[in-house]
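Undergrad: Just passing along the structure, written as structure tokens.
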Amino acid sequence: MKFFSTHFTRIFLVLIAIFLIFKVYFAYNVANGYPFGDWLINYQDGGFKRRGLLGTFVFFMYGLFGIKIQYTVFFLQFLFHFLFFYYLVRLIEVKKYSFLEFVFLFTPFCLWGFVSDSGMGARKDGVLWFMLSFFTYNITKHEISKYRWYLFYFIFFVSVFIHESFVFFFPCFIVLYFFHTNKFEVSKAALIAISFCVPAIFIFLFGMKDLGSDYTMNIIKACGIDFQESNIFVWKEDSLLKLDYYYKSIDDFLLYGITFSLQFVYVIFYLSIKRINKKEIQKLVNFFIICFFCTIPLFLIAIDVGRWFYNLFIFWNLLIISILPDRDIKTTVFDSKIIFSKKSICFILLVFVSNFLYRAPSCFTGMETAAPLRRIMHWFGYL
């Protein structure tokens, strides 16, 4: 038990790496039309378009070395998601943490979606998660030199060519910087915003056109991929704003209000257990709301409501972990005084029961019966 407690974070990373291999392959078999297909958008089949950078690399590796495109995509999916967890663990290790922090991170509308949603662990959002955890770790350690800042600006700039939706989350990085410097430095905020916004404007002006996908589809067939008929290359967008989709399925989308509210309660409950003072909680809530309002255009442009909420709550949880007290020599992952307090037990039970009962899908429907409960209902003939 002492060995397990001492090496808990390393064991956690090993288990995550194993799970990632399973997750990436499972997502490919179950939902390769969108989560997998999104990585294949490229510049080779018609010129510059949005989110085509990594796809260009995937097809370059196929053309130059004959590596099947699915293998390169598997590697990229694994790499970015593993780097996210790696820097998340590094962040946790510099704080006074316990098992409670891991329970907090795996609440229903945070990292539990990575387990419960077939596509979440294979989306390009993993690149954004990596950037958030990498930046949070460095800003928490106060180890961002001038050249490291240049690296971050470059990563932010390039990331928008990987997925244009990342531009709507640049306020999250400004908030992270503000919390750890206790000052609003206009030049830093402006450079972060510019790093995201300049490529976004360029893509909006020149890269939003549908340029075809014949070359891509031919390579997909040549690599022996059983691509789903419903896929990202046949998705057509008639208008920039997707209000019609909300009107048609308003009841399904409104369910996100329930899962969002429940997740909000979990976060506040956790903050009360950690005895964060009310002023600090209010500040955390205010900045989360600001970041949420900055993403509203994204909700109107793209209907993957759950994905955008997942990204916001992952950012918020990273921010909260980053402001916990620094680690001391008494830190232990299974601290009985922390874990077995009445509030902690209630919180852990609440999270486990919630994960058992429901899940928040990444798109279309705001709440569904969770797999464990669905399986039991099936056994008893209710499904």
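Undergrad: Are there trypsin sites (Lys or Arg not before Pro) in region 122-202 that DSSP marks as loop and that have at most 16 other Cβ atoms within 10 Å, and which are they? Mind showing how you got there, number by number?
TA: Values: sites: ARG123, LYS124, LYS141, LYS146, ARG148, LYS183, LYS188; in loops: ARG123, LYS124, LYS183.
Here the sparse-neighbourhood loop sites are LYS183.
Undergrad: Then there's this: What does the extension gain come out to for PHE334 and PHE157, with contour length at 0.36 nm per residue minus their alpha carbon separation? Spell out each step's value before the answer.
TA: Working: separation 177, 0.36 × 177 = 63.72 nm, distance 4.07 nm.
Result: 59.6 nm gained on full extension.
Undergrad: Determine the share of the chain's accessible area contributed by carbon and sulfur atoms, expressed in whole percent, with a 1.4 angstrom probe. Please list the in-between numbers first.
TA: Numbers: 12330 of 18280 Å².
So the carbon and sulfur contribution to the accessible surface is 67 percent.
Undergrad: Additional query: Give the accessible area for THR369 in Å² (nearest 10); use a 1.4 Å probe, count only protein heavy atoms, and leave out ligands, DNA and RNA.
TA: Counting only protein heavy atoms, THR369 exposes about 60 Å² to solvent.
Undergrad: For a label point 7 Å from the Cα of ALA193 along Cα→C-beta, name the residues of region 110-139 whose backbone N is under 16 Å from it.
TA: none
Undergrad: Assuming R0 = 35 Å, what is the FRET efficiency of TRP379 and PHE26, from their Cβ-Cβ distance, to the nearest 0.05?
TA: On the way: r = 23 Å, r/R0 = 0.64.
The calculated FRET efficiency here is 0.95.
Undergrad: As a test of reading the structure, rank ASP328, ASP304 by solvent-accessible area (1.4 Å probe, protein chains only), most first. Don't jump to the answer; show the numbers that get you there.
TA: Values: ASP328 60, ASP304 30 Å².
From most accessible down to least: ASP328, ASP304.
Undergrad: Only residues of region 289-325 count here: report those whose backbone N is under 14 Å from the spot 7 Å along Cα→Cβ of PHE184, or say none.
TA: In region 289-325, the label zone of PHE184 (backbone N under 14 Å from the point 7 Å along Cα→Cβ) covers 290-291.
Undergrad: Could you give the nm distance between label points at TRP235 and LEU64, where each point is 7 Å from its Cα heading toward the beta carbon?
TA: The modelled label-to-label distance comes out at 2.9 nm.
Undergrad: Can I ask one more? Which lysines, on any chain, are close to LYS141 with Cα under 24 Å apart, when same-chain ones fewer than 8 places away are left out?
TA: Leaving aside lysines fewer than 8 places away in the same chain, those within reach of LYS141 are LYS95, LYS96, LYS183, LYS188, LYS274, LYS279, LYS283, LYS330.
Undergrad: To the nearest 20 debye, what is the magnitude of the charge dipole of the chain about its Cα centre, counting +1 on the Cβ of each Lys and Arg and -1 on the Cβ of each Asp and Glu?
TA: On the way: 36 positive and 24 negative charges, 297 e Å.
In debye, rounded to 20, the chain gives about 1420.
Undergrad: Setting aside same-chain residues fewer than 8 positions from LYS278, which lysines have a Cα under 19 Å from its Cα?
TA: LYS343
Undergrad: Taking a 1.4 Å probe, which of THR259, THR181 shows the most accessible area, and what order do the others take after it?
TA: Details: THR259 0, THR181 45 Å².
Descending order: THR181, THR259.
Undergrad: While we're looking at this one, here's another question. Could you give the length gained on full extension between GLU93 and ILE301, defined as 0.36 nm per residue of separation minus the Cα-Cα distance, in nm?
TA: Length difference between fully extended and current span is 71.1 nm.
Undergrad: At what distance in nm do the modelled label points of PHE19 and LYS343 sit from each other, each positioned 7 Å from its Cα along Cα→Cβ?
TA: My value for the distance between the label points is 2.6 nm.
Undergrad: Counting Lys and Arg as +1 and Asp and Glu as -1, what is the net charge of the other residues whose Cβ lies under 12 Å from the Cβ of VAL285?
TA: On the way: positive: LYS278, LYS279, LYS283; negative: GLU280.
Around VAL285, the surrounding residues sum to +2.
Undergrad: Another question about this same structure. Please compute the per residue accessible area over region 191-278 with all protein chains in place, 1.4 Å probe, rounded to a whole number of Å².
TA: Working: 5580 Å² over 88 residues.
Spelled out: the 1.4 Å probe surface of region 191-278, per residue, equals 63 Å².
The values are calculated or read from the model by the stated rules, or taken from the named source; none is laboratory data. Owing to the predicted nature of the structure, the values given are computational and were not obtained by experimental measurement. When we count neighbours, we look across all protein chains shown, and the Cβ atoms used for this are built from the backbone with ideal geometry, even at glycine. When the accessible area is computed, the model is the full protein with side chains, heavy atoms only, and any ligands, DNA or RNA have been set aside. Shrake-Rupley method; radii C 1.70, N 1.55, O 1.52, S 1.80 Å.
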